[in-house]
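Heads up, the thing below is written out as structure tokens.
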Amino acid sequence: MDNAVNPTYRLELSSSPHIHSRWTVKQSMWLVNLALLPSIISAVIFFGIFQLSILFTSVVFCLLTEAAIKYLRKRQITLMDGSAVITGLLLGLILPPNFSLVSTAIGAVVAIALGKEIFGGLGNNIFNPALVGRAFLQAAFPVGITTWHQPNYALDSVSSATPLAALKFDKVLTDITPMFWGNISGSLGETSALAVIIGGLFLIFIGVVNWRVPVSMIVGMLIFGSIFWIIDPVIYPSPFFQLLAGGFMFGTFFMATDWVSSPLTSRGMLIFGFLISFIVVIIRLFGGLPEGVMYAILLMNAFVPLINKYTSPKIFGAEK
Amino acid sequence: MRISEVFSLIEIIAMKKTFKGGVHPHEMKALTEKKAFEKMPAGKQVILPLSQHLGKSAVPIVKKGSIIKKGELIANGDGFISAPVHSPISGVVSKISQNPNLGGIYKDAVIIDVKEDEETDYLSALNPETITAEEIIERVKTAGIVGQGGAAFPTYVKLMPPKDKKIDLLIINGCECEPYLTRDYRFMIETPEKLIGGIKLIMKALGINKANIGIEDNKPEAIKKLNEKLSGQSEIEVKSLKTKYPQGAEKMLIKSITGKEVAPGKLPLDHGIVIQNIGTACSVYDAVVNGIPQIEAFMTVSGLGINEPKNLIVNVGTPINEILDYCGGVNEKAVKLVAGGPMMGVAQSDFNAPITKATSGLLVLTHEEAGDNEASNCLRCGKCVEACPLDLMPTKLARLTQLERFEEAEEAGILVCMECGTCTFQCPANIPLVQWIRLGKQSALKIKKEKQSA
């Protein structure tokens, strides 16, 4: 009997499953970049075309840093996976308008080097790299990073406080409507809640972002914000103001939802988002800083391994 | 595909019958679902493996030169969990030798040269109205019937639950949640009377009067047809289930139909439930009413790599290459040959391997369908955790296996995994999660056994 395998076919052998969803990391990363487009457009509309130079600088230095470190560590250079571009865009979008390009470049180098590559690259980092870069800049250039500009003015625009700073230091409450559209003072991509929501809902709808983190953050903010607002509506802002102010919306949809630095489990995601909102409210209302989204997310990033450990799902049918 | 997740949320809220997790692969059933079963003529030879079932190999009772009639017994079952083998054709035993089985391992097989002969040697036909439970079980045993859902477990064993387990529900698995496969669908469309007759016999054997047929809602024709045939009787009920892989897994099916969760280490029996496949029920009917032992496999031959996808009735023991030739041959885009479905089937290396009683599909896949991407780091996106129908953490289990921390893996439930492949299917980093878990399970099981014997 002829036992030879028919030589005209070359068959692949592997164990099941033999089909795949075709979902890839690269595709997901570029979809996130696409989802940032509305925020980039809002930055240009409200703060001028020049702001693109900040984004450009940030992205280029993120890419260069990643390439250099991969090269030094003799690892495959994976710039096309889009993750360094995300970090660059995210960092640029949470910087103030007209921010120094030199400082931006430094922030980008820190974000990739200390935020991501030092842990071993994509997938191994504990903290959100863009927020690590932003936190470094906050410490290194405290004045530059809190110099805000009114929207709709060119390079020599007038300094102006953000709604949160105005509330904290001047006890002035900003109207909510322009905060939704983005016609206020603030970081480049953060001012327009509308642009952020468009991009964020897109990511949830196509399945890149799990709905649990944004939903629990928004619900958390509505609950914790409401508690203080009900206690004293004169001193404390409404939960809706809190939702739209500062980097909350941007953090909700683009920072806290980062795959790598957020929990694995469904329950963990809910707890993670909820606690971020709690910390944000505490920092905003009782801390020395007007805004707390960045620190809240970074702090909760550190708790992710612990959250994963204690929220592992109950095995189907098991009693626990 | 992602949009469907939104719908699945709505459906859970709307109390649609389903389970948590799962995925939606491209169904690919359109390739064959409209094609009626076609009997493939016998070739020159059949290769009958003595182990076509779970359990001990059958023991041959023929030798070289024995003249065999179609339907004749050629090997007896050995022990409790085993099944006899019958010849699907008339002919002469050419030899008994080691032959590659599906999966490429060499195992004993009886090879029979086909001789033209109309005569058959079937079992006696029995009257389904007057037959007793014991007679049904005996017939299912002597006809060599094994489960056609994938594991090929001897069917008669499942009809004899331990005395202390009270059975009250028979579930017939008509989900066919594996993509491509349409044979269960064709059974439901073409021979609903036979199917219902088989179900009634199984109910009689179990001494119960309640059965549910679980069918995914992507087969509305089958649901409609069976409901028509079943109108006016309350014993057998069709349950329309959400189309989602792995809806046809035992635990998922029980959860969707009854809401009960079968705990790790427990069996459907412990909840008073017996599950049988659609094809198995039809085989039971044929064995009892027509006296035909299980000598034919009903299968879907599909995939973009085969020229004429078909639903076929094939003699057990027919080599794969003859089946592929009968289906117009393989085109040049083919890269993979799979016996079974694309999610849990076994990739084949040898075109001469014979199909067995439980072969439900033969797929020839192209690069477009089965192409692989390089794996990257885990990004901890949680998609595998969300998709796992048994609520395990696949990425954690795979990682613990890589680190050879098998005891921790066991604590995390690695032995509960049913290897449905949902996690690997879903992973954006293309990590072979279930493959790692499979590896880890073996070591974890070994360690567990050593501990127990110590």
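Counting just the residues of segment A:172-190 that are β-branched (Val, Ile, Thr) and assigned to a helix (DSSP H, G or I), which one comes out surrounded by the fewest Cβ atoms within 10 Å (Cβ to Cβ)?
A:177
Enumerate the helices (runs of 4 or more DSSP H) found wholly within segment B:375-454, keeping only those where 1 or more residues are among the charged types (D, E, K, R) and facing another protein chain (nearest Cβ under 9 Å).
Filter on segment B:375-454 gives B:383-387, B:394-402, B:433-453.
Could you go through segment A:208-216 and let me know if any residue there is touching a Lys or Arg at 6+ places or on another chain (Cβ under 7 Å), under 29 Å from residue A:146 (Cα atoms) and of a type outside the set (Phe, Trp, Tyr).
no
Which condition does residue B:408 not pass, out of (1) over 19 Å from residue A:17 (Cα atoms); (2) touching a helix residue (DSSP H, G or I) at 6+ places or on another chain (Cβ under 9 Å); (3) assigned by TED's automatic domain parsing to the domain that holds residue B:308, if it passes all the others?
(3)
Is it fair to say residue B:159 is under 18 Å from residue B:48 (Cβ atoms), under 22 Å from the mean Cα position of the chain (by Cα) and either buried (at least 18 other Cβ atoms within 10 Å of the Cβ) or within 14 Å of chain A (Cβ to nearest Cβ) (or both)?
Spelling it out, it is not the case that residue B:159 is under 18 Å from residue B:48 (Cβ atoms), under 22 Å from the mean Cα position of the chain (by Cα) and either buried (at least 18 other Cβ atoms within 10 Å of the Cβ) or within 14 Å of chain A (Cβ to nearest Cβ) (or both).
Only residues in segment B:47-60 that are farther than 22 Å from residue B:321 by Cα count as the first member; pair them with residues that are assigned to a loop (DSSP other than H, G, I, E, B) and among the acidic types (Asp, Glu), Cβ under 9 angstrom, at least 6 apart or cross-chain, and list the lot.
Close Cβ pairs satisfying both conditions: B:55/B:78; B:56/B:78; B:57/B:78; B:58/B:78; B:59/B:78.
Do we find that residue A:112 is surrounded by fewer than 23 Cβ atoms within 10 Å (Cβ to Cβ) and either aliphatic (A, V, I, L, M) or within 30 Å of residue B:28 (Cα to Cα) (or both) in this structure?
no
Only one of A:250, A:272, A:254, A:240 is in contact (Cβ under 8 Å) with a residue 40 or more places away in the chain, aromatic (Phe, Trp, Tyr) and within 14 Å of another protein chain (Cβ to nearest Cβ). Can you tell me which?
Answer to the check: A:272.
Can we say residue A:166 is part of a helix (DSSP H, G or I) and under 22 Å from residue A:298 (Cα atoms)?
Against the criterion (part of a helix (DSSP H, G or I) and under 22 Å from residue A:298 (Cα atoms)), residue A:166 does not qualify.
Would you say residue A:245 is surrounded by 20 or more Cβ atoms within 10 Å (Cβ to Cβ) and away from chain B (no Cβ under 14 Å)?
Yes.
Here is a check on your reading of the model: is residue A:131 in contact with a helix residue (DSSP H, G or I) (Cβ under 6 Å, 6 or more places away or on another chain), at pLDDT 90 or above and surrounded by fewer than 17 Cβ atoms within 10 Å (Cβ to Cβ)?
When the stated conditions are applied, residue A:131 does not pass them.
Check A:215, A:281 and return the single one that is within 14 Å of chain B (Cβ to nearest Cβ), assigned to a helix (DSSP H, G or I) and either without any contact (Cβ under 8 Å) to a residue 60 or more places away in the chain or not polar (S, T, N, Q) (or both).
The match here is A:215.
Looking for something assigned by TED's automatic domain parsing to the domain that holds residue B:203, touching a strand residue (DSSP E or B) at 6+ places or on another chain (Cβ under 7 Å) and over 30 Å from residue B:256 (Cα atoms) - is there at least one such residue anywhere in segment B:103-112?
no
Which number in (1) part of a loop (DSSP other than H, G, I, E, B); (2) touching a residue at least 12 places away in the same chain (Cβ under 8 Å) marks the one condition that residue A:194 misses?
It fails just one condition, (1).
Based on this model, can you work out whether residue B:391 counts as touching a Pro at 6+ places or on another chain (Cβ under 6 Å) and under 26 Å from residue A:319 (Cβ atoms)?
Here the answer is yes, as residue B:391 does meet what is asked.
Pick from B:422, B:356, B:366: which is polar (S, T, N, Q) and surrounded by 24 or more Cβ atoms within 10 Å (Cβ to Cβ)?
Of the residues listed, the single one that is polar (S, T, N, Q) and surrounded by 24 or more Cβ atoms within 10 Å (Cβ to Cβ) is B:422.
Can you spot a residue in segment A:57-78 that is over 18 Å from the mean Cα position of the chain (by Cα), within 30 Å of residue B:350 (Cα to Cα) and of a type in the set (Lys, Arg)?
No.
Test each condition in (1) at the interface with chain A (Cβ under 7 Å from one of its Cβ atoms); (2) under 24 Å from the mean Cα position of the chain (by Cα); (3) more than 18 Å from residue A:307 (Cβ to Cβ) for residue B:364 and report the one that comes out false.
Failing condition for residue B:364: (1).
Can you find a residue that is more than 23 Å from residue A:290 (Cβ to Cβ) and free of Cβ contacts under 8 Å to residues at least 24 places away in the same chain anywhere in segment A:84-102?
Within segment A:84-102, one or more residues are more than 23 Å from residue A:290 (Cβ to Cβ) and free of Cβ contacts under 8 Å to residues at least 24 places away in the same chain.
Is segment A:19-33 home to any residue that is under 30 Å from residue B:321 (Cβ atoms) and within 14 Å of chain B (Cβ to nearest Cβ)?
Within segment A:19-33, one or more residues are under 30 Å from residue B:321 (Cβ atoms) and within 14 Å of chain B (Cβ to nearest Cβ).
Condition test on residue A:64, is it closer than 22 Å to residue A:259 by Cβ, in a helix (DSSP H, G or I) and not hydroxyl-bearing (Ser, Thr, Tyr)?
When the stated conditions are applied, residue A:64 does not pass them.
The values are calculated or read from the model by the stated rules, or taken from the named source; none is laboratory data. All values derive from a computational prediction rather than experimental measurement. With ideal geometry, Cβ positions are generated from the backbone for all residues, glycine too; neighbour counts draw on all protein chains shown.
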